[in-house]
Structures are given as C-alpha cells and as structure tokens.
Amino acid sequence: VPDCVACGQQNPDGARFCLSCGRPLTASAPAVREERRVVTVIFVDMVEFTSRAERLDPEDVRAILRPYHDRVKAEIESFGGVVEKFIGDAVMGVFGAPTAYGDDPERAVRAALSVRTAVAEMNQRDASLALRLRIGVNTGEAVVTMGARPELGEAMVTGDVVNTAARLQQSAPVDAIVAGAETYICTRDVIRYERGEDIAAKGKSAPLAAWKAVDVGTTTPDADGEALVGRAGELDVLRGVWQRVAETATPNLVTVIAPPGLGKSRLATEFVREVRDSGARVVRGRSFPYRESSAYGAFTLHVKQLAGIFESDSVEVARAKLVTTVERIGAVDGDTVAQHLCILLGLEVEETIADRESLFFSVRCFIEAVAADQPVVLVFEDLHWADSSLLDLVELLSSRLRDIRVMLLALSRPELLDQRPGWGGGLPAFTALPLQPLDDAEARALVERRLAPANGAAGAEIAQRLVDLAEGNPLFIEQLAAVTAERASSIPGELPTTIRGIITARLDALPAPERAVLLDAAVVGKVFWLGALQRVSEEPDRLPDLLGALERRDLVHRETVSAFEGDRQFAFKHVMIRDVAYDMLTRVQRRERHAEMARFIEDATSEVGEAASQLARHWIEAGEPARAVAPLMAAAEHAGRGWAKQRAVDLYQEALSLAEDDDTKREIRRRLGVVYQASFHAMDVQLQRGADQADATSG
Ligand SMILES: Nc1ncnc2c1ncn2[C@@H]1O[C@H](COP(=O)(O)OP(=O)(O)O)[C@@H](O)[C@H]1O
Ligand SMILES: [Mg+2]
C-alpha cells in the first residue's frame, strides 16, 4: 500500500495518484521527506507599490503585476531557482533546494542581477510602469520539505535564512541588490561587490553585514598564473594522443572524467596552451545546467569562435561572418552548410532542417574544412550538463570525421556515465582519462602556496590538517585555505559553505535509492555495515546492489575485514561526504536512526568490547543518554584492562555525568578510584623506569 509522500494518505496497490491530494505516486518515493540543506534565498519586492495600488483599479494592478511576476519567475527559473511564493508584489525564490548544483549562491546573485536588468527593460518599454525594486539575497541552513509544491502554497523552506533575506531586502537601497555575509563569501570571486552599511535587525544580537552586488566580475576563477602542481602523467597522456592525432590524421575523442574541483578545466588549460603554442587552433565551449540557449550550446560557441562571431553582433552581421567563413575555408556544398549552421546558431528562425542526419553532415563538412590546413582542438567543458543532442553530435563527429587532425577534448563529471553508460564505446579512437586526487606531497605544495607564510610549528600543523581534510581536491584546498587565512589561521570547525554546496550537488545527482543509502550510512559513521543499514532501509533486499553501485561510483568501498562476524563492512571514501550527508538529516531523523543503530549493535554483539563506546555514542545521539551509561562503563572497563588508563577515566567520567540513580553513580566512582590508583601506579612505574635509565647512563 503506497503512502503518499506529501500527505501520508494510504492508497490502494496499483494507484498512480494519491486519493487525497492527487499527487503522482512513484515507486521510488524518496525515503526522506525533510532535509537540512544550505539554501540561498532571494527576495524581490517593489518599492512603494502598495500605496500606488491603492489609487489604481484592481484590474490595472493586475495588469501591472502579472507580467512583472511572470518575468521575475522566468529569470529565477532560468538560473535553476524555484519560486517559493508570491506575497502581494514580493517574490521569494530559492536556490539549492530541492536540487543543488554546487554553485547555488552564485546563481542566485546572477538571477538577482538579471531580474534588475529585466525590470529596467520593462520600464524602458513602458515609462508609465516606473517599477522600482529592492532585492535581498541570503545563504544559510534551512529545513527543506522535499516534494513540497510551492505552486499550491506549500512552504518548502523554513529557517532563519528566510527572515534574514527578507530583512536584507527591506533595508536595501532602491534598485540595489543586497547580499548577506555568507552569500558574499561564496560568490566574491565571481561577483563585484561594494560594502553596504550594516543592518540592525530585530531580535539579533549583532548587526547584519551587508554587501551590494554591482555586477558579474571579469576575473576568471582559473588561477592560470600559478604553476600547475603534479598532473605530469595526465599531461603526457594528452600529449601522446595529440601526437598520434597530428601524425596520423586520426581524430580522437578524449574524455577527462572527475568529480568537481579535481582540476579538469585546469588540466585542459595547461594542455591547450601547449598545443596553441605549437600552431593548433583551439576553441572552447561549455554546457550550463541552466539557461541553455540552444540544444547544441557548447558546439554553437565553437562555431561562433571559428567564424569570429561575437555575442554583440547583430543577426545580419553574424550571418554574413558565417557565410564568409564557410566560403573561405571552402567547405563542400558550402551554401547548404552555411544555411544549416545559421539554423543551428539560431540566426535563421524561419527555416528548418529536414532531418538530423543532414544537419550533422553539414557540421561534419564544416569541421573537416576548418581542420584541413590547421590542427584543431574542440574543448567541451562540463559535458555532464549537455543536452542529449549535443552528446549525440560529439559521438557522431568522433565516429565520422576522417583524415583530419582534430581532437575533441571533453571534460565531465562522472554523472555523464549515468546518462550514457556506453560513452565512447564503439568509437574508433577514444581515450578515457580519469583524474585522481592529488597525492599528499602535491596537496601540501598547494596548501603551502595558498596559506600565508606559515608561522612555524603551528603553521605546519594547520597545513597538515588542511591536507588531511581536503582529500587531494585542489578546489577544496583553495576554499579551506581561504577560510583558514581569514579566520586568523584556525581551522574552520565546519565545512565552508562552498564545499558543502559542491558535495550536496554530488549527492543530489545520485539516483534517489542510492542517495538514501548514503544518508542512512552517514549515521553509522565513516565505517558502516550492511546489517546496520538493513535495519533502517525501506528496501533491504536491494541494499547489496545499491552499495555495489556506490562502490563503482567511488563513493564508498568495501573493506576486507569486518567488526561484525558475517556482516559486510564498508567505509565512506571521503569523510567530507559522510559529514555532508549527515548534516542533511533533520534532528528527528538522526535520533531515529541512531536508536536503530544502537539496537543493531546490541543485537549483533553478545559481549560488547570494542563496540561498546560506539553503542554509547548512538544512544546519546538518539537522545537516550541513560541507556549509554552501561555501555560507557563496559567500554571504560575494556580500556582499563588494556592499560589505556586516561581513556578509561574519560569514559567513566562521561558515564558519571549521564547516570541518574545513586547506586550506579556510587559504583562508577568506586571504579574510577580503582583506575586512578592503577594509573598512579603506572606513573610510578614510568618514573622508576626513567630513574633507572638515568642511573644506567650516568653509571
Ligand atoms: N594541478 C593543479 N595545480 C594547481 N592548481 C590546480 C590544479 N588543479 C586544479 N587547480 C585549481 O583548483 C581549482 C579547481 O580546478 P578546476 O580545473 O576548476 O576543477 P574542475 O574543472 O575539475 O571542476 C581551480 O582554481 C584550479 O586553478
Ligand atoms: Mg571545470
């Protein structure tokens, strides 16, 4: 009997829609209904519209509001945001939920900037509108109801981040976009800001820092000036392929695959610089997760670069440039090719192409002509976001181009392989180049370059901690180092929002059942067991398969040993992924799951040795500290027997702080006394030994 995820209504088997609320019932209903997530909230409100509306006829008010609302909504959605609600003339949008893309604060600010431009355009077209705005943007943690339907007035996001965004909006100067501190920190590399005046907010201890977003900055995030660290092997692979392409005139599709931040773009930049210096023509195009103007996005950017077309060119100029280029390079059947490319670029809106085969044929003729007397590299960045038509085009070019020197260099996250499991299969010349994390020495070199001149031993220790935390991801190293440098060289207690966003996006890209397994596993810890997951899973039978899939994605790996006999033991590949997954669970969900884990350990172990302190941890997190006392005492006993006296003392003291009845407390104190005595004895022994040694050397 499927329960509705939205309203909880029980429905008959086979029902496809909920009886009560009409929501579609899917087989893979998400197990988690609420999540804690970092979101960016944008508030857009009109200035003094209420007083103006008073003097207008309701129909006129609606005639103004409708197109305005539609436009603001369209802008927000085109950047991947969701409109949560309209409150009178105010619009609230959310980025980072229900799906994160890894750069959600940036999208929100970009959306705000383009809302401002769009409304200015509306005013220009109709001077009587005279719409004035204030916009607030703020980033922070919120509770998100997954599957909420904002269009029916169901709230999706709740948390202080929303109130603060509203507060920033209200105090923004007219036609300004005011961002909160966290939004500013996440986006200052890409957006230009001016410091605004602090805002005193009701019920807040400190005034809010505010930043006015001016425009999208011109600095490229690629720190090209700095030398590349490592990657010698990968560069050699690229050079080798390039040499074959150039010598034998066999086109090759190279696909660099790695999660975000590992340095795909940076590697390509390095390689591209080399081949450009050697006389090759290189064009770069990228796909976006939002605002894709055409299905062949990245490739249309290539064509524009090859034909010298700028975004600012008028349609006539662009078309003329394209026609001239096609003529100059002498493409076969030039007229048709030029016409087809015009259609591809959206320069010819009337015409259509009879079939895709002939469009692709024209593309092929064009590229073959371009590459006839100069080797060419076409870079496709972020191919995981590409439309399937672009993927088809890339594969087709790779299989049909002949006798020319062309390299198609695709950069992609592993998600591409979900969409196209057989990517590259069957192609005559295909190279897959997975990027591994930087090794410790390389990561260290990067950390040291990023941190201010290390201050002695403390500096060295901080550097090592950052190396451990970042797990070989250069982007994470940069982010962690930046935060560390700011907080006067102490390690941040929690992950920077930018990193959390990137990892959340990675989790959101997983199929729902796999994602649910990771969230459950996060409660167990960095190490977890199949048996433990079966206790909380909705589909225990599928778990082995799901864990296998996660292992193939390199998110978890199966360990060869297991703390529980006959049970499979797994571990998260990166502790950061565990932490982010855990942070997504609400407190209620965490408590439920911890209690289940505690019961699992109690059932699985008859004699609690090693597992005792874990058991205690789970009871504490489950909100039942009293049940942690006995296992804590057992763990202390265990530690004491192994002469880990200090640990035994700590555990007994923790047990003492949680114990409720006097008998237990008395017993704990008695045992504590025993351990103290033993540890004094241990100290005596050590001192005695030291003295003996001193005697021996002096004698
Ligand atoms: N090998 C490297 N040496 C130095 N900096 C690097 C290296 N790899 C990546 N970076 C830096 O790390 C950041 C993330 O790299 P990027 O190429 O954007 O990752 P991706 O494209 O895989 O998401 C960039 O600022 C980049 O300059
Ligand atoms: Mg990149």
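Some notes on this structure:
- Rounded to two decimals, the Cα-based Rg/Rh of segment 79-137, with Kirkwood Rh, is 1.03.
- Straight-distance candidates among the lysines for linking to LYS73, with alpha-carbon spacing under 18 Å and chain neighbours fewer than 8 residues away dropped: LYS85.
- Its Cα gyration tensor gives segment 242-384 an equivalent ellipsoid. The semi-axes, each the square root of 5 times an eigenvalue, are 26, 19, 14 Å from largest down.
- For the chain, with +1 on Lys and Arg beta carbons and -1 on Asp and Glu, the positive-most of ILE199, LEU510, LEU253 along the dipole: ILE199
- Peptides 334-345, 306-317 ranked from most to least packed, by the mean per-residue count of other Cβ atoms within 10 Å: 334-345, 306-317.
- Using alpha carbons only: equivalent-ellipsoid semi-axes of segment 618-658, gyration tensor based, whole Å: 20, 9, 7
- Gained length - VAL575 relative to GLU592, 0.36 nm times residue gap less alpha-carbon distance: 3.9 nm
- Rounded to the nearest 20 debye, dipole of segment 311-421 from Cβ charges on Lys, Arg, Asp, Glu: 420
- Karplus-derived HN-Hα couplings along segment 253-260 (A = 6.51, B = -1.76, C = 1.60, θ = phi - 60°), whole Hz, x at Gly and Pro: 9, 9, 10, 8, 10, 6, x, x
- Charge tally for ILE191 (other residues, Cβ to Cβ under 15 Å; Lys, Arg +1; Asp, Glu -1): 0.
- Average projected area [Cα convex hull, segment 270-328], square nanometres: 5.3
- Note on segment 7-116: Cα Rg divided by 2.2 N^0.38 Å, N the number of residues, gives 1.40.
- Cα centroid of segment 396-415 to Cα centroid of segment 57-127, whole Å: 38
- For segment 361-412, the Kirkwood estimate of the hydrodynamic radius, built from every pair of different alpha carbons, is 11.5 Å.
- Each Lys and Arg adds +1 at its Cβ and each Asp and Glu adds -1 at its Cβ; summed about the Cα centre, segment 152-203 shows a dipole of about 60 debye.
- Inter-label distance, nm, simple model (7 Å from Cα along the C-beta direction), ARG666/VAL561: 4.2
- Here's the picture: charge each Lys and Arg Cβ at +1 and each Asp and Glu Cβ at -1 in the chain, and of GLN339, MET146, ALA354 the one pushed furthest to the positive end of that dipole is MET146.
- Net charge in the neighbourhood of ARG450 (other residues with Cβ under 10 Å of its Cβ; Lys, Arg +1, Asp, Glu -1) is -2.
- Straightening the chain between VAL214 and GLN677 buys 159.9 nm, computed as 0.36 nm per residue apart minus the Cα-Cα spacing.
- Coordinate range along principal axes, alpha carbons of segment 66-111, Å, largest first: 31, 15, 13
- In degrees, nearest ten, helix 587-604 long axis to first principal axis of the chain (Cα): 50
- Förster-model FRET efficiency, 60 Å R0, VAL174 and GLU316, C-beta, rounded to 0.05: 0.95
- Total formal charge among the other residues, if their Cβ is under 12 angstrom from that of SER278, Lys/Arg +1 and Asp/Glu -1: +3
- Across all directions, the average projected area of the convex hull around the alpha carbons of segment 467-599 is 8.8 nm².
- Principal axis analysis of the Cα atoms in segment 158-251 yields extents of 70, 27, 26 Å, listed in decreasing size.
- For the chain, the solvent-accessible area of protein heavy atoms averages 48 Å² per residue (probe radius 1.4 Å; ligands and nucleic acids excluded).
- Degrees separating the helix 104-125 axis from the principal Cα axis of the chain, which is the longest one: 40
- Amide proton proximity set for SER171, modelled H, under 5 Å, gap of 5+: none
- Degrees, to the nearest 10: 440-450 long Cα axis against longest axis of the chain: 70
- Solvent-accessible area, 1.4 Å probe, carbon plus sulfur percent, for the chain: 50
- Our helix-only sum for the chain, with -39,500 (n - 2.57) per DSSP H run of n ≥ 4 divided by its residues, gives a mean residue ellipticity at 222 nm of -16000 deg cm²/dmol.
- Under Karplus coefficients 6.51, -1.76 and 1.60, residue-wise ³J(HN,Hα) of segment 47-55 in Hz, glycine/proline x: 8, 6, 7, 4, 5, 5, 4, 4, 8
- Measuring r between the beta carbons of LEU129 and PHE288 and using R0 = 30 Å, the FRET efficiency lands at 0.45.
- Residue ranges 627-638, 436-447, 36-47 sort as 36-47, 627-638, 436-447 when ordered by packing (mean number of other C-beta atoms within 10 Å per residue, highest first).
- Legend: Rg and Dmax of segment 105-154, from Cα coordinates, 15.2, 41 Å.
- Amide H contacts of PHE79: none lie under 5 Å away among residues 5 or more positions distant or on a separate chain (H built 1.01 Å from N in the peptide plane; Pro and chain starts excluded).
- Scanning residues 5 or more positions from ARG281 or on other chains, those with amide H under 5 Å from its amide H are VAL376, VAL377, with H placed 1.01 Å from N in the peptide plane.
- Stokes-Einstein D in µm²/s, Kirkwood radius over Cα pairs - the chain at 25 °C with 0.890 mPa s viscosity: 83
The values are calculated or read from the model by the stated rules, or taken from the named source; none is laboratory data. All figures in this text were calculated on a predicted structure; none of them were measured in a lab. Cβ: placed from backbone, ideal geometry, glycine included. Neighbour counts: every protein chain shown. With ligands, DNA and RNA removed, areas are computed over all heavy atoms of the protein, side chains included. Shrake-Rupley method; radii C 1.70, N 1.55, O 1.52, S 1.80 Å.
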